[in-house]
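Working notes, beginning with the structure itself.
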């Protein structure tokens, strides 16, 4: 499937309707727990303090998602996390669109500022294309190699 035309919404946690919250948690679980065979505490207590970027198809299906984390919650800097696309939507550039939308939404919420992420190390080249540079050695998180990266 090629990258669909999406409607983008960025909402605080308390504005998420039950069906939307269910869809984003389902997508996160499908990819981060099931596909990546990684048992970890996805619902880590941070979601209520974050904004949630939703890329939805015309029929309301969630195709892409990212969590926008305010400065001081995960890192000193603001952050983008839980970056995920529907498996069926991969290969058409949707991940790149999602990252551009996420950076733009974060800057719209909190102003131009550095953004720090905890990226899966295998995706370092992907994040480099969006202006992120390595800012740590590779470390293990939830059994997966990660690297902190910063976009100034």
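Listed conditions (1) without any contact (Cβ under 8 Å) to a residue 12 or more places away in the chain; (2) within 17 Å of residue 52 (Cα to Cα) are all met by residue 105, apart from (1). Check the range 95-108 and report whether any residue there is outside any loop (DSSP other than H, G, I, E, B), modelled with pLDDT of 95 or more and more than 30 Å from residue 18 (Cα to Cα). No, there is no match, as no residue in the range 95-108 is outside any loop (DSSP other than H, G, I, E, B), modelled with pLDDT of 95 or more and more than 30 Å from residue 18 (Cα to Cα).
Condition (residue is within 13 Å of the chain's Cα centre (by Cα), farther than 16 Å from residue 106 by Cα and surrounded by 11 or more Cβ atoms within 10 Å (Cβ to Cβ)) applied to the range 5-12: is it met by at least one residue?
no
Restricting attention to the range 122-136, the residues that are assigned to a helix (DSSP H, G or I) and exposed (fewer than 15 other Cβ atoms within 10 Å of the Cβ) add up to 3. Among the numbered conditions (1) surrounded by 14 or more Cβ atoms within 10 Å (Cβ to Cβ); (2) in contact (Cβ under 8 Å) with a residue 12 or more places away in the chain; (3) out of contact with any strand residue (DSSP E or B) (no Cβ under 7 Å at 6 or more places or on another chain), tell me where residue 77 comes up short. Only one criterion in (1) surrounded by 14 or more Cβ atoms within 10 Å (Cβ to Cβ); (2) in contact (Cβ under 8 Å) with a residue 12 or more places away in the chain; (3) out of contact with any strand residue (DSSP E or B) (no Cβ under 7 Å at 6 or more places or on another chain) is unmet by residue 77, namely (3). If you filter the range 48-69 down to residues that are farther than 11 Å from residue 24 by Cα and out of contact with any strand residue (DSSP E or B) (no Cβ under 6 Å at 6 or more places or on another chain), you find that the one that is surrounded by the most Cβ atoms within 10 Å (Cβ to Cβ) is 49.
Here the range 83-94 is the region considered, the condition is being at pLDDT below 95 and outside any loop (DSSP other than H, G, I, E, B), and the residue that is surrounded by the fewest Cβ atoms within 10 Å (Cβ to Cβ) is 88. Note on the range 1-38: residues that are in a loop (DSSP other than H, G, I, E, B) and touching a residue at least 40 places away in the same chain (Cβ under 8 Å) total 8.
The values are calculated or read from the model by the stated rules, or taken from the named source; none is laboratory data. Being a predicted model, the structure only gives us computed values, none of them experimental. So basically every Cβ, Gly included, is an ideal-geometry build from the backbone, and we count neighbours across all protein chains shown.
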